[in-house]
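Structure first, then comments.
Derivation of every value follows stated rules applied to the coordinates shown; laboratory data play no part. If you're wondering where the values come from, they're calculated on a predicted model, not measured in any experiment. Backbone-built Cβ (ideal geometry, glycine too); neighbour counts: all protein chains shown.
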Amino acid sequence: MVYSHDTFGLGNIRRMLSICKHLIDTMPEISILVVSGSPMVHSFRIPQRLDYIKLPCLKRTEKEGYSVKYLGTDIDETMRLRSELILSAVANFRPDLLLVDKKPYGVKNELKGVMNYLKIHLPETKVVLLLRDILDSPAATMRIWEKNGYQEAIRKFYDLVLVAGTASVFDVRKEYHFGPLVSEKVGFCGYIQREAGLKDRATLRKELGLETERLILVTPGGGEDGYRMVETYVAGLAFLPASHHTRSLVICGPEMPEAQRKKVSAATVKYPHVQICEFTDDLMSYMDAADLVVSMGGYNTICEILTLRKRAVVIPRVKPVEEQWLRAERMARLGLFKTIHPDDLEPRSFMQAVLEEVGAGMRDAGSDEAIDLDALPRIGSAISRLLYPVSGDDKTVEADCACGRGAIEEIKGRVPLLNGLTG
């Protein structure tokens, strides 16, 4: 069973569905039930042996602040409804393993009852926490974790903490001052390599009518807070030289308010080389077809850029959390892409940065600092290890590993384990 944090954007549900698909592809005997309040979960391709329970939607109002997105109910009764739906699902589905996204007790502690139920009634169920590489600034994260007792939750209820990132970019154990009992449960898995799109680069460029032009893809992710980036990009089109040979495809995102999307469309009417699109569930194909990606700094988008080794100009979100800025700034220092702080965003310099990057051509495969993109097989190995514990003659070698209990060698080819995790 997978619990997906779901209060803002598409990032969490996309990341968790990628993990689910990998587990299903590599472990043919499992079925997965996803529990999420994402308003877009139905829009993604759902593989066989996976189903989902849709919770009432929430929206984030500020740091750790939430309200009800669609229902005309107050937040307390909506949280009771969500909690009871999740608990009922656990009691009836009886998962062998619960994978929890981001928050050890869930949104507004809605998993507390679930954790206690598992401890008493399903003690054999393994519980794993999945963290992205960066949550927020150290000060803000430590304050929230202390307030909610998250380290105690991990010590008491969790078997493993898997981080979809690398310690070389951001070591959550040190940055967030994890205690020793929590730190020894942490495994760094690397970043998530994204699957190839449904169409190859040549096919999609032909469909888009591209010949010698360079394609700039502009994507604010879900789009709920991406209007300023898109608006500034469109305003910057006035500074394109007359001799430019570029086309722009702006994918606004399904959560950009309709009024803002209409403003973007109206502003681009005078630019025949600009195309506007609301949403695609095949963003990787469009990224592959592009010569440059202009985006915000969400985890999934960055993983797509890294997977395709695309040149990119990244304008990260800095409020209400600093996660995107921390990731973008550290990766920009590694030479992986160019980043602009949103406080420095203005049309002329933005377009100058875009033209510099699109003019630089494709990245060489070995030109940048290598980023570990093996998260999916490592997450799968760790989960397999919990579902199929090694004993007796099956176990070969145990050595040091990121989980603090030793990196496990292959079990005579029978099941994949934790080999490859880095500490």
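Points worth noting:
- Length released on extending from GLU211 to SER31, taking residue separation times 0.36 nm less the Cα-Cα span: 60.3 nm
- Order of PHE188, PHE93 under a 10 Å beta carbon neighbour criterion, fewest first: PHE93, PHE188
- Relative contact order of the chain, defined on C-alpha pairs under 8 angstrom at six or more residues apart (%): 15
- Under-5 Å amide H pairs with VAL34, H placed in peptide plane, nonlocal only: VAL2, ASP51, TYR52, ILE53
- Shape call, the stretch 2-188: gyration tensor on alpha carbons, a/c limit 1.5: rounded
- Per-residue extension of 0.36 nm, minus the Cα-Cα distance of ALA266 and GLU175, leaves a gain of 28.3 nm for this segment.
- Cα centre as origin, Lys/Arg/Asp/Glu Cβ charges: the chain dipole, Debye: 440
- Prolate/oblate/rounded label for the stretch 182-268 (Cα gyration tensor, a/c 1.5): oblate
- Overall form of the stretch 41-120 per C-alpha gyration tensor (a/c, 1.5; a/b vs b/c): oblate
- Whole-Å distance, taken between Cα centres, linking the stretch 164-192 and the stretch 229-251: 40
- Candidate cross-link partners of LYS263 among the aspartates and glutamates, defined by an alpha-carbon separation under 17 Å and a same-chain spacing of 8 or more, comprise GLU224, ASP225, GLU231, GLU255, GLU278.
- Fewest-first ranking of TYR191, TYR227, using other Cβ atoms within 10 Å as the exposure measure: TYR227, TYR191
- Placing pseudo-labels 7 Å out from each Cα toward the beta carbon at HIS273 and HIS341 gives an inter-label distance of 3.2 nm.
- Hydrodynamic radius of the chain per Kirkwood, over alpha carbon pairs, in Å: 22.6
- For the listed residue pairs LYS21/LYS112; LYS206/LYS310; LYS147/LYS319; LYS103/LYS156, the alpha carbons are over 24 angstrom apart in LYS21/LYS112.
- Each of GLU175, GLU146 was scored by other Cβ atoms within 10 Å of its Cβ. Listed from fewest to most, they are GLU146, GLU175.
- Highest GNM mean-square fluctuation among LYS126, LYS185, LYS206, for the chain modelled with Cα contacts below 10 Å: LYS206.
- Contour minus Cα-Cα distance for LYS119 and ALA202 (0.36 nm per residue): 24.6 nm
- Residues LEU71 and ALA235, FRET efficiency given R0 of 35 Å [Cβ-Cβ distance, rounded to 0.05]: 0.40
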